[in-house]
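Student: After the structure tokens below, expect a handful of questions from me.
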Amino acid sequence: MKLIYLESPYGGNVPRNLTYARLCMHDCLERGEAPLASHLLYTQSSILDDDVAEERTLGINAGFAWAKHAELSAVYTDFGISDGMKLGIEDAEKNNRPVEYRKLFDFSDMKQSKQIDELSKYTYKNADIIEESNVCACYFCLKTFPSHLVIDFVDKGKTALCPVCKTESVYGDASGFSMHPKFVALAGKWYFDGSSETF
Ligand SMILES: [Zn+2]
């Protein structure tokens, strides 16, 4: 198996970026590769705190120590290239490690894009459909959760707020849309990364 050092964003929308990093790990494994993502490993509770500068640097350096053994840096760019990823690319270049840029999502499938375009209808005045649902997802933080955890509403109780990130980006499975993490992430990119403007 090819040893892969995985680069994807961490800071900013952290819940989204953690879900995205897991999907990227899955993508590498599906390709028959053995990936390591230091930002998934070292940021876990009781390991390092990314908000503390010294600890963040420690995590980055520990990651780069492992990266020296990797055959390739795989840079996943669906949500842009963060400053941390830029450091990783510089490190790869310094150590003559090849860099491959990858995307998980392909919006060239217009049918799928059109379907996603309909999804936002189910995030507005959606209290009834949330109640009919068993599971809900949020395409801002990419979390899925049982519908009974959705307890905050705006628009006079008609529009659901995400219990994790408090945005109005929640839809329920009764909408007929997929709850698969890859679909939720695809919707996240569609609605919050400006990609919809290119079509
Ligand atoms: Zn959320």
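Only the coordinates and a few stated rules stand behind these numbers; no lab work does. The model shown is predicted, which means the values in this text are computed figures rather than measured ones. Positions of Cβ are backbone-derived with ideal geometry, glycine not excepted, and every protein chain shown enters the neighbour counts.
Student: Between LEU29 and ASP49, what FRET efficiency comes out of the Förster formula 1/(1 + (r/R0)^6) with R0 = 41 Å and r the beta carbon distance, rounded to 0.05?
Tutor: The pair ASP49/LEU29 has a calculated efficiency of 0.90.
Student: Of GLY63, VAL75, GLY32, which is farthest towards the positive pole of the chain's charge dipole, taken about the Cα centre with +1 and -1 on the beta-carbons of Lys, Arg and Asp, Glu respectively?
Tutor: The residue sitting farthest along the positive end of the dipole is GLY32.
Student: To the nearest 0.05, how large is the calculated FRET efficiency for ASP106 and ILE81 if R₀ is 22 Å and r is the Cβ-Cβ distance?
Tutor: Efficiency at R0 = 22 Å is approximately 0.75.
Student: Need the full-extension length gain, GLU132 to LYS166, defined as separation in residues times 0.36 nm minus the C-alpha distance. One decimal, nm. All intermediate terms of the calculation are to be shown ahead of the outcome.
Tutor: On the way: separation 34, 0.36 × 34 = 12.24 nm, distance 2.04 nm.
Residue separation times 0.36 nm, minus the Cα-Cα distance, leaves 10.2 nm.
Student: Mind checking the alpha-carbon convex hull of the chain and giving the volume per residue in Å³?
Tutor: Values: hull volume 26.6 nm³, N = 199.
Each residue corresponds to 134 Å³ of Cα convex hull volume.
Student: Give, to the nearest whole percent, the P(r) tail of the stretch 110-193 beyond 19 angstrom, counting all Cα pairs. Could the numbers behind the result be given before it?
Tutor: Working: 874 of 3486 pairs.
That fraction is 25 percent.
Student: What percent does the relative contact order of the chain come to when contacts are Cα pairs within less than 8 Å and at least six residues apart? Working shown, then result.
Tutor: On the way: 313 pairs, mean separation 38.7, N = 199.
Taking the mean separation of contacting Cα pairs over the length of the chain, I get 19 percent.
Student: What GluC sites (Glu not before Pro) in the stretch 64-133 are in a loop by DSSP, with at most 13 other Cβ atoms within 10 Å of the Cβ? Don't skip to the end; give the middle numbers.
Tutor: On the way: sites: GLU71, GLU90, GLU93, GLU100, GLU118, GLU131, GLU132; in loops: GLU71.
Loop-located and lightly packed - GLU71.
Student: Just checking the chain: which Cys have no other cysteine's beta-carbon under 4.7 Å?
Tutor: CYS24, CYS28, CYS136
Student: Greater than 29 Å separation of Cα atoms is the criterion. Which listed pairs, LYS94/LYS182; LYS2/LYS166; LYS121/LYS182; LYS86/LYS114; LYS158/LYS189, meet it? Display every interim value, and only then the final one.
Tutor: Numbers: LYS94/LYS182 33 Å; LYS2/LYS166 40 Å; LYS121/LYS182 20 Å; LYS86/LYS114 33 Å; LYS158/LYS189 25 Å.
Check vs 29 Å cut-off fails for LYS94/LYS182; LYS2/LYS166; LYS86/LYS114.
Student: Now a separate question. Between LYS114 and LEU149, 0.36 nm times their residue separation minus their Cα-Cα distance comes to what? Could you put the intermediate results ahead of the total?
Tutor: Details: separation 35, 0.36 × 35 = 12.60 nm, distance 2.93 nm.
Computed gain between LYS114 and LEU149 is 9.7 nm.
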